[in-house]
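Single-structure report; data block below.
The values are calculated or read from the model by the stated rules, or taken from the named source; none is laboratory data. This structure is a prediction, so every number in the text was calculated from the model and none was measured. All Cβ positions, even for glycine, are placed from backbone atoms using ideal geometry, and neighbour counts span all protein chains on display. Accessible surface areas use protein heavy atoms only, side chains included; no ligands, DNA or RNA. Shrake-Rupley method; radii C 1.70, N 1.55, O 1.52, S 1.80 Å.
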Amino acid sequence: MKILVLNGPNLNMLGIREPDIYGRLTYRDLEVFIQQVCENLHIDVEIFQTNFEGALVEKIQNAYFEKVDGLVINPAAYTHTSVAILDALKAVSIPAVEIHISKVDEREDFRQISYPGKACFATVAGKGIEGYKEAILLLKEKLEEEL
Ligand code: DQA
């Protein structure tokens, strides 16, 4: 099973960025955590972070050609703006889980819409970086159902 974990803008600033909201763990800590979770589950994982919307679109498109089985995506601020990322997810129709570190549903009004979320079969939010584990487990379950 091959999955891709995508992280959008400013997630590389974890640990520095608004620690009251996103915690004190760094992006490197998040990468190590995801690697460990996937190693334990015997999942082949690629982790990718970018601050650019088009780079996320291209990574999603390439996932189709590289036969990636599933996606976990934290589109970060693009969650609330990006029809392009929604369209890319729909184009490839690879099972995807949306993840947010913070409790987006308890935050500002402008965070209440998720465009990419419309193409995801599940959303995990407000569980810190531990939420990535839940997202990966949900994805694994879904992919195993489809076998
Ligand atoms: C986020 C929530 C978004 O609203 C925000 O723009 C982010 C991070 C989260 O993980 O909680 O950058 O996706």
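This table checks each residue for (1) over 25 Å from LEU25 (Cβ atoms); (2) of a type in the set (Asp, Glu).
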| site | (1), (2) |
| --- | --- |
| LEU41 | no, no |
| GLN61 | yes, no |
| GLY70 | no, no |
| THR81 | yes, no |
| GLU106 | no, yes |
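In the range 42-53, the count of residues that are among the β-branched types (Val, Ile, Thr), over 18 Å from GLY126 (Cα atoms), within 14 Å of the ligand (Cβ to nearest atom) and under 17 Å from the mean Cα position of the chain (by Cα) is one or more. Selection of the range 59-82 for residues being more than 12 Å from the ligand (Cβ to nearest atom) and open to solvent by 10 Å² or more (accessible area, probe 1.4 Å) yields LYS59, GLN61, ASN62, TYR64, PHE65, GLU66, LYS67, VAL68, ASP69. Number of residues in the range 102-133 that are away from the ligand (no atom under 11 Å from the Cβ) and surrounded by 16 or more Cβ atoms within 10 Å (Cβ to Cβ): the value is 5.
Of the residues making up the range 1-32, those that are of a type outside the set (S, T, N, Q) and more than 14 Å from the ligand (Cβ to nearest atom) number 9. Exactly one residue out of GLU39, GLU53, GLU18 is of a type in the set (Asp, Glu) and surrounded by 13 or more Cβ atoms within 10 Å (Cβ to Cβ): that is GLU53.
Filtering the range 4-18 to residues that are small (Gly, Ala, Ser) and within 13 Å of the chain's Cα centre (by Cα) leaves only GLY8.
Scanning the range 1-57 for residues that are touching a strand residue (DSSP E or B) at 6+ places or on another chain (Cβ under 9 Å) and basic (Lys, Arg) yields a single hit, LYS2. When every residue of the range 89-101 is checked against the conditions, at least one turns out to be open to solvent by less than 20 Å² (accessible area, probe 1.4 Å) and either modelled with pLDDT under 95 or over 14 Å from the mean Cα position of the chain (by Cα) (or both).
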